[in-house]
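Read through the structure below, which is laid out as structure tokens, and then see the notes.
The values are calculated or read from the model by the stated rules, or taken from the named source; none is laboratory data. Model, not experiment: these values are computed from the prediction. Cβ coordinates were reconstructed from backbone atoms using ideal geometry, including for glycine residues, and neighbour counts include every protein chain displayed. Ligands, DNA and RNA are excluded from the accessible area calculation, which covers all protein heavy atoms including side chains. Shrake-Rupley method; radii C 1.70, N 1.55, O 1.52, S 1.80 Å.
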Amino acid sequence: MTNFDDFVKEQLEDPEFRAEYESLQAEYSLMQAMIDARHESGITQKELSKRTGISQSDISKFEGGGGNPSMKTLKRLAAGLGMRVKIEFVPLTKV
């Protein structure tokens, strides 16, 4: 049995799968950045909720990919972490 990374690598050979996978990369990157920032700050979702006034369940949804936070919400989350939001555009890479 292969591990998950091997499975994904194999699936990426399918152009339809690759297109869908790549279309979700920005959302996955945002989710991971939020999780990493909270962990680096050493606080729980509950503590971040207290600091921002955003419900813990909404924070959990955002981190799990079940929500689409606005820029205003992202700024509130960042401020609660003692951080700021930075968004950048990067060139598409050819595969």
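Quick one: count up the residues across region 1-29 that are β-branched (Val, Ile, Thr) and either surrounded by 10 or more Cβ atoms within 10 Å (Cβ to Cβ) or touching a Phe, Trp or Tyr at 6+ places or on another chain (Cβ under 8 Å) (or both). Give the derivation first.
Narrowing region 1-29 to residues β-branched (Val, Ile, Thr): 2, 8.
Retained after the next criterion (residues that are either surrounded by 10 or more Cβ atoms within 10 Å (Cβ to Cβ) or touching a Phe, Trp or Tyr at 6+ places or on another chain (Cβ under 8 Å) (or both)): 8.
Adding up the residues that qualify gives 1.
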key: Subset of region 22-57 that is closer than 21 Å to Thr93 by Cα and hydroxyl-bearing (Ser, Thr, Tyr) - its residue that is farthest from the chain's Cα centre (by Cα)   = Ser23
request  = From (1) within 23 Å of Lys9 (Cβ to Cβ); (2) of a type outside the set (A, V, I, L, M); (3) at pLDDT 95 or above, pick out the condition that doesn't hold for Glu27.
outcome  = (3)
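Answer yes or no as to whether Gly80 is open to solvent by less than 50 Å² (accessible area, probe 1.4 Å) and of a type in the set (Gly, Ala, Ser).
When the stated conditions are applied, Gly80 passes them.
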key: Subset of region 30-61 [more than 13 Å from Leu81 (Cβ to Cβ) and open to solvent by less than 70 Å² (accessible area, probe 1.4 Å)]   = Leu30, Met31, Gly53, Ser55, Ser57, Asp58, Ser60
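Answer yes or no as to whether Tyr21 is in contact (Cβ under 8 Å) with a residue 24 or more places away in the chain and of a type in the set (Phe, Trp, Tyr). Quick ask: steps written out before the conclusion?
Working: in contact (Cβ under 8 Å) with a residue 24 or more places away in the chain: no; of a type in the set (Phe, Trp, Tyr): yes.
Taking the combined requirement at face value, the residue does not satisfy it.
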